[in-house]
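Have a look at the structure below, then the notes.
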Amino acid sequence: MTHPTSRRPPLLLGLAALGAALLVAACGTGPIPGQPAGAGGTPGSSTSTTSSGGCTAASAQSAVTVDATNSLKFTPASVCLKAGGTITWKNVGNIFHTTTDDSALAASPGDAALPSGASSWNHPLNPGGSFSLKLTVPGTYKYFCLPHESLGMLGQITVVS
Ligand SMILES: [Cu+2]
């Protein structure tokens with residue numbers, strides 16, 4: 001033995017590592033090393049993050065509902081809407097939120113986006129409250145929650161005609 005101080009058998013080290021891995025897996029909500037944040041979503045929703053890929057006239061809905069939650073998320077974070085359709089935000093928790101698409105109010109300019117010709121909005125979502133908006137201009141809308149923008153409470157709407 002050239003290292004008399006390291007007397008712990010390798011098997012125990014392996015078991016300890018496995019136990020730690022199981023604890024991480026059981027926890028579930030924490031970020032997983034090696035995966036980008038937000039990659040823990042449901043399978044099949046991977047195409048709906050940034051591009052409009054997957055949102056076509058055939059797949060677009062004429063009415064969608066997005067929940068604003070106590071986890072400081074819009075759920076679903078990305079929706080596909082027919083031009084002239086209606087999006088409704090619902091505050092399903094007990095924390096005040098807003099739905100806001102106005103680059104003048106965004107801390108990060110990239111968190112707000114509007115197709116040209118579309119109007120900005122900024123509307124409060126009180127606990128239990130809701131707000132509906134009809135979107136007629138096709139394109140990509142990026143909106144956020146005013147108090148929680150920096151915490152990643154962001155959403156996207158793709159409108160197709
Ligand atoms: Cu919020």
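Every number in this text was worked out from the coordinates using simple rules, so none of it is lab data. Given the structure is predicted, the values throughout are model-derived calculations rather than measurements. Neighbour counts run over all protein chains shown; Cβ positions are idealised from the backbone, glycine included.
Entry note, the stretch 57-161: relative contact order of 33 percent, from Cα contacts under 8 Å with a spacing of 6+ residues. Considering the dipole of the stretch 56-160 built from charges on the beta carbon (Lys and Arg +1, Asp and Glu -1) around the Cα centre, which of Ser62, Pro147, Thr88 is farthest to its positive end? Among Ser62, Pro147, Thr88, the one farthest towards the positive end of the dipole of the stretch 56-160 is Ser62. On the basis of the beta-carbon distance and an R0 of 22 Å, Thr56 and Ser116 show a calculated FRET efficiency of 0.55. Kindly identify the stretch 56-160 as rounded, prolate or oblate by the Cα gyration tensor criterion: order the square roots of the eigenvalues as a ≥ b ≥ c, call it rounded if a/c is under 1.5, otherwise compare a/b with b/c, prolate if a/b is larger, else oblate. Since a/c reaches 1.5 but b/c is at least a/b, the shape of the stretch 56-160 is classed as oblate. Charge tally for Tyr141 (other residues, Cβ to Cβ under 14 Å; Lys, Arg +1; Asp, Glu -1): 0. Inter-label distance, Asn70 to Val92: 1.3 nm, where each label sits 7 Å from its Cα along the C-beta direction.
Antiparallel as a % of all DSSP beta bridges within the stretch 56-160, to the nearest 5? Counting only bridges with both partners in the stretch 56-160, antiparallel ones make up about 65 percent.
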